[in-house]
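> This is the structure I want to talk about, given as structure tokens.
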There are 2 protein chains.
Amino acid sequence: MAVGLAAPDALWPVGGIRVASGAAGIRYRNRNDLVLLELTPGSHTVAIFTRNAFSAAPIAVARNHLSSAAPRLVLINSGNANAGTGTEGVRDALACCEKLAELFHCRREGVIPFSTGVIGERLPVDKVVALLPDLKSRLGAGGWLEAARAIMTTDSVPKGISRDVVIHGKSVTVTGIAKGAGMIRPDMATMLAFLATDARVNRELLADLLQQTALTSFNSITVDGDTSTNDACVLTATGQSGVEVRKEDNEICQVFSNVLRDVMEHLAQSIVRDGEGATKFVTIAVNQAASFNEARTVAYTLAHSLLVKTALYASDPNWGRILAALGRAEITQLDIDKVDIYLDDTPVFVQGARALNYTEQLGQTVMQKPELMIRIDLHRGQHHARIWTTDLSHDYIRINAEYRS
Amino acid sequence: MAVGLAAPDALWPVGGIRVASGAAGIRYRNRNDLVLLELTPGSHTVAIFTRNAFSAAPIAVARNHLSSAAPRLVLINSGNANAGTGTEGVRDALACCEKLAELFHCRREGVIPFSTGVIGERLPVDKVVALLPDLKSRLGAGGWLEAARAIMTTDSVPKGISRDVVIHGKSVTVTGIAKGAGMIRPDMATMLAFLATDARVNRELLADLLQQTALTSFNSITVDGDTSTNDACVLTATGQSGVEVRKEDNEICQVFSNVLRDVMEHLAQSIVRDGEGATKFVTIAVNQAASFNEARTVAYTLAHSLLVKTALYASDPNWGRILAALGRAEITQLDIDKVDIYLDDTPVFVQGARALNYTEQLGQTVMQKPELMIRIDLHRGQHHARIWTTDLSHDYIRINAEYRS
């Protein structure tokens, strides 16, 4: 059960993008597992990828193709990650691109492939290729929500959001979909996320905007600290709204950037809310750090502590575990006597000792909430970071002991 | 249930050390929770402590006392960690030392205190102090096993071992006890461990030997990656055997060091075998690394991956998860195509792809064993590291969601 998250009611079309989903039977039965996105000529597309050294075959191919041509087609499968498959995996990914390119009479480099699912098994290329003509024939503007469903693996709900904003009197849409629930600790990237807008944005600015907004959205979440081999976040701007976003026009750029941030933060939060076995959605805020990295280090150390995570699961205000995790964070010369710990707005630990008016009952009240914040004030500087995470429950163990990721 | 570990049948006395345990009623009912060790004058004692920035009050006091006097008495309580207790915690620890010193007519600095148990609650000094005369009256040579029981918290069995070795025709004994099952990822120290020998070893050599052997024993284990605020490992040499171990006498030094290593590795393994919820005892060996630190980084990244740990619990040879964890280890420019992965002696992944003759059945056979090895050959250099860890089971969640650490 996702924490405070339902499937989106609807996702809006983005001018210049057509979508289709279908069932290739790669691993799952009776559900879609293959998605095709067609991007109108003149679109700009940028992406960020996992930094896992064992990045999957499709990541290598997508990175390569993106650097040599403007993508016309995006092909995404679930059920098989095509990772740990060596040179055969690369051949398999390229074979899918090739067949799709033939159908659309474009270059192979115009296709960027993505895969998510089980690691270490060959991608069944024949099944993928067999479905491509059908996908082509069913391309349409309205298939986003269906696509969000087709890319799910251990996700319990499809994840997506649409936002619009009026710029120069014209409406600009941003629609995004994402998948991911486990093996979630994106490193300069995310699980799979696909975002599109009908604004016109040049490639350089688009890449800048994606990097900036990824840092505080997809790159600020963790479920279990494990980074996937297949993380990718793709952003396409088709320009079909007729609205141009330029770097020089600061105000417009800010308005557009805010909408993009909204969409990305929603998708990033959605992944955490649907974290495997999650019963809590937890914000960890670290303030007054000497640097942004220091604040993030402390936040992630708490978020990855199994003892903190199981205390969250138990709704147990066991601040000793927060303290112990904080104390092992890899930052230099932490002065205990300056550290404050809050649960939501309740001071728990102030300047090296339990807060005067703190009671177990006060802590318990916060810990029982499905959404709560752990706040640490380090009193070492002016930097801060905020990440989102989950608790660690029996269901996480069950899901990951029973199923293959 | 500890993996391949039962309570020791017996622990041998060490000349020059007297031991007593009793029930102060600090937290537990109907069991001992307080241990007193009396060290004969002329003994040398060295210790290593947690590097957690939030080290507990008794750690601060013990460190301080050790630097100013040769300890005559060691006082250990379970049930309360006296951590996160600020200046009051330090006063409480000192009060216990003071009362004990009065009883023995020695200086307060001659007492080193240790605590383990719940973090963030005041130590009930009155209860501790009230039991001291009784402990003093019952001091004897034979109380080691009882002491191993008294320092347990979430441990399921007492941990201890005795070894002897004949040097220059005389028998030298090393006896050690330890406790710990969760919050286990010692950082240059351990959970609580107390070792004693009747060899005569000067303080400098004793400290060297402790550091060296700790690195590959207590500092090579992890259960959950959480470092305790109270970790400490204490080694006393009483000299009562009449055998002297000197640095200049290389061969004797090696013989003694080997026995010490034996004892420490046994105790370190015992902690892992009794890891909270553990159903597997797993050795992770990383070979052919560019440096010792690199090898350890890779080993710990695997050992802390929740996905690897849940796969171990499920006896699932899910090497994709090993691969993914390996790929996010913080080492520079890892070349996938050179990496080999073995489960025990079964090659699973060789030079970037699944091993030719590998089958799920082969992997499964290894993973079903209660004790197994994951071996990684990096082909980057000549360094290697070996650590011990556990799986992550439902019982870990249950233990840590239900109980306060």
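The values are calculated or read from the model by the stated rules, or taken from the named source; none is laboratory data. Quick caveat, the model's predicted, so the values are computed rather than measured. As a convention, Cβ positions derive from the backbone with ideal geometry for all residues, glycine included, and neighbour counts pool all protein chains shown. Remember, those area values only see protein heavy atoms, side chains included, never the ligands or the DNA or RNA. Shrake-Rupley method; radii C 1.70, N 1.55, O 1.52, S 1.80 Å.
> What is the sum of charges around residue A:22, taking Lys and Arg as +1, Asp and Glu as -1, for the other residues whose C-beta is under 13 Å from the C-beta of residue A:22? List each step's numbers first, then the result.
Values: positive: A:31, A:127, A:136, A:138, A:149; negative: A:33, A:134, A:146.
Charge balance in the 13 Å sphere: +2.
> Take the alpha carbon gyration tensor of segment A:329-405, find the square roots of its eigenvalues, order them as a ≥ b ≥ c, and report rounded if a/c is under 1.5; if not, report prolate when a/b exceeds b/c, else oblate.
Judged from the Cα gyration tensor, segment A:329-405 comes out oblate (a/c at least 1.5, b/c at or above a/b).
> Segment B:47-67: which residues show an accessible-area loss of 40 Å² or more, assembly versus chain alone, 1.4 Å probe?
Relative to the lone chain, where solvent access is computed with a 1.4 Å probe, segment B:47-67 loses at least 40 Å² at B:53, B:54.
> Which distances, shortest first and in nm, link residue A:249 to the matching position in the other copies, using label points set 7 Å out along Cα to C-beta?
8.8
> Moving on. Have a look at B:236, B:171, B:392 and report the one farthest towards the positive end of the charge dipole of the protein assembly as shown, computed about the Cα centre with Cβ charges (Lys/Arg +1, Asp/Glu -1).
B:392
> Turning to a different aspect of this structure: Which whole-number percentage describes the relative contact order of chain B, with Cα contacts under 8 Å and a sequence gap of 6 or more?
18 percent
> Also: Please give the charge dipole size of segment A:354-395, origin at the Cα centre, charges +1 on K and R Cβ atoms and -1 on D and E Cβ atoms. Round to the nearest 20 debye.
I would put it at about 260 debye.
> Quick check: the distance between the Cα centres of segment B:31-91 and segment A:130-172, to the nearest angstrom?
62 Å
> Continuing with the same structure: What does the copy distance list look like for residue B:130, label position 7 Å along Cα→Cβ, in nm and ordered from shortest?
Spelled out, the distances from residue B:130's label point are 7.9 nm.
> Still on this structure, please answer the following. What full-extension length gain, to one decimal in nm, is calculated for residue B:107 and residue B:64 as 0.36 nm per residue of separation minus the Cα-Cα distance? Display every interim value, and only then the final one.
On the way: separation 43, 0.36 × 43 = 15.48 nm, distance 1.33 nm.
Here the segment from residue B:107 to residue B:64 would lengthen by 14.2 nm.
> Report the trypsin sites (Lys or Arg not before Pro) located in segment B:222-315 that are in a DSSP loop and have at most 16 other Cβ atoms inside 10 Å of their Cβ, or state none.
Details: sites: B:246, B:247, B:261, B:273, B:280, B:296, B:309; in loops: B:246, B:247, B:280.
Within segment B:222-315, the qualifying trypsin sites (Lys or Arg not before Pro) (loop, at most 16 other Cβ atoms within 10 Å) are B:246, B:247.
> Roll a 1.4 Å probe over the protein chains and send me the accessible area per residue for the protein assembly as shown in Å². Walk me through the numbers before you get to the answer.
Values: 29210 Å² over 810 residues.
I get 36 Å² per residue for this part.
> Going by alpha carbons, how many degrees (0 to 90, nearest 10) lie between the helix axis of B:203-216 and the longest principal axis of chain B?
Between helix and principal axis, roughly 30 degrees.
> Pairing the Cα long axis of helix B:86-104 with the longest principal axis of chain B, what angle in degrees results, from 0 to 90 and rounded to the nearest 10?
Once rounded, one gets 50 degrees.
> Another question, then. Scaled to the compact-protein estimate 2.2 N^0.38 Å, what is the alpha-carbon radius of gyration of segment B:21-88, rounded to two decimal places?
Here the Cα radius of gyration is 1.25 times the empirical estimate.
> Given a 1.4 Å probe and every protein chain left where it sits, what share in percent of the accessible area of the protein assembly as shown is carbon and sulfur?
Carbon-and-sulfur percentage of accessible area, whole number: 47.
> Here is a follow-up. Return one number: the angle in degrees, 0 to 90 and rounded to the nearest 10, between the long axis of the Cα atoms of helix A:250-273 and the longest principal axis of the Cα atoms of chain A.
Long axis of A:250-273 versus the principal axis of chain A: about 80 degrees.
> Mind running the shape call on segment A:208-285? Use the C-alpha gyration tensor, a ≥ b ≥ c as the square roots of the eigenvalues: rounded below 1.5 for a/c, prolate if a/b tops b/c, oblate otherwise.
It is prolate, given that a/c is not under 1.5 and a/b is the larger ratio.
> Oh, and also: With runs of 4+ DSSP H residues as the only contributors, calculate the mean residue ellipticity of the protein assembly as shown at 222 nm using -39,500 (n - 2.57) per run, divided by the residue total and rounded to the nearest 500.
Estimated from H runs of four or more residues: -10500 deg cm²/dmol.
> Total accessible area buried between chains A and B, 1.4 Å probe, in Å² to the nearest 100?
Roughly 4400 Å² of accessible surface disappears when A and B pair.
> Still on this model: With each pseudo-label sitting 7 Å past Cα toward Cβ, what's the residue A:202-residue A:258 distance in nm, one decimal?
The answer from the label model is 2.5 nm.
> Provide the FRET efficiency to the nearest 0.05 for the residue A:361-residue B:365 pair, computing r from the beta carbons and using R0 = 56 Å.
FRET efficiency, residue A:361 to residue B:365: 0.60.
> Within segment B:187-288, which GluC sites (Glu not before Pro) sit in a loop by DSSP and count at most 11 neighbouring Cβ atoms inside 10 Å? Don't skip to the answer; put the middle values down first.
Working: sites: B:204, B:244, B:248, B:251, B:265, B:276; in loops: B:248, B:276.
Here the sparse-neighbourhood loop sites are B:248.
> Checking a compactness column here: for chain A, what do you get for Rg(Cα) / (2.2 N^0.38 Å), N being the number of residues?
Working: Rg = 21.9 Å, N = 405, 2.2 N^0.38 = 21.5 Å.
Compared with the compact-globule rule of thumb, chain A sits at 1.02.
> Another one. Taking K and R as +1 and D and E as -1, what net charge do the other residues with C-beta under 9 Å from the C-beta of residue B:253 add up to?
Once all neighbours under 9 Å are counted, the net charge is -1.
> Taking a 27 Å limit on the Cα-Cα distance, which of the listed pairs B:127/B:179; A:179/A:309; A:170/A:247; A:309/B:280; A:159/B:338 fall beyond it?
A:159/B:338
> So, with +1 on the Cβ of K and R and -1 on the Cβ of D and E, and no other charges, what is the size of the charge dipole of segment A:99-162 about its Cα centre, to the nearest 20 debye?
So the dipole magnitude of segment A:99-162 works out to roughly 100 debye.
> Name the residues of segment B:86-128 whose amide N is less than 13 Å from a point 7 angstrom out from the Cα of residue A:351 along the C-beta direction?
Output list for this probe position: B:87.
> Grab the other residues whose beta carbon is less than 13 angstrom from that of residue B:282, score K and R as +1, D and E as -1, and report the net.
On the way: positive: B:273, B:280, B:309, B:369, B:375, B:386; negative: B:344, B:371, B:391.
Its environment carries a net charge of +3.
> Turning to a different aspect of this structure: Need one word for segment A:272-378: rounded, prolate or oblate. Basis is the Cα gyration tensor (sqrt eigenvalues a ≥ b ≥ c); a/c below 1.5 gives rounded, then a/b vs b/c decides.
Cα axes put segment A:272-378 in the oblate bin.
> Ok, one more. At 7 angstrom along the Cα-to-beta-carbon line, where would the label on residue B:370 sit relative to the other copies? Give the distances in nm, shortest first.
So the label point of residue B:370 gives 4.2 nm to the other copies.
> Among B:317, B:331, B:245, flag the residue with its Cα farthest along the positive direction of the charge dipole of segment B:217-376, charges on Cβ as +1 for Lys/Arg and -1 for Asp/Glu.
B:317
> Can I ask one more? Run through the DSSP bridge list for segment B:71-154 and note the antiparallel percent, rounded to the nearest 5.
Here the share of antiparallel DSSP bridges comes out near 10 percent.
> For the protein assembly as shown, what log10 I(q)/I(0) values come out of the Debye formula at q = 0.06 1/Å, with one point per alpha carbon and no solvent?
The Cα Debye sum returns log10 ratios of -0.43.
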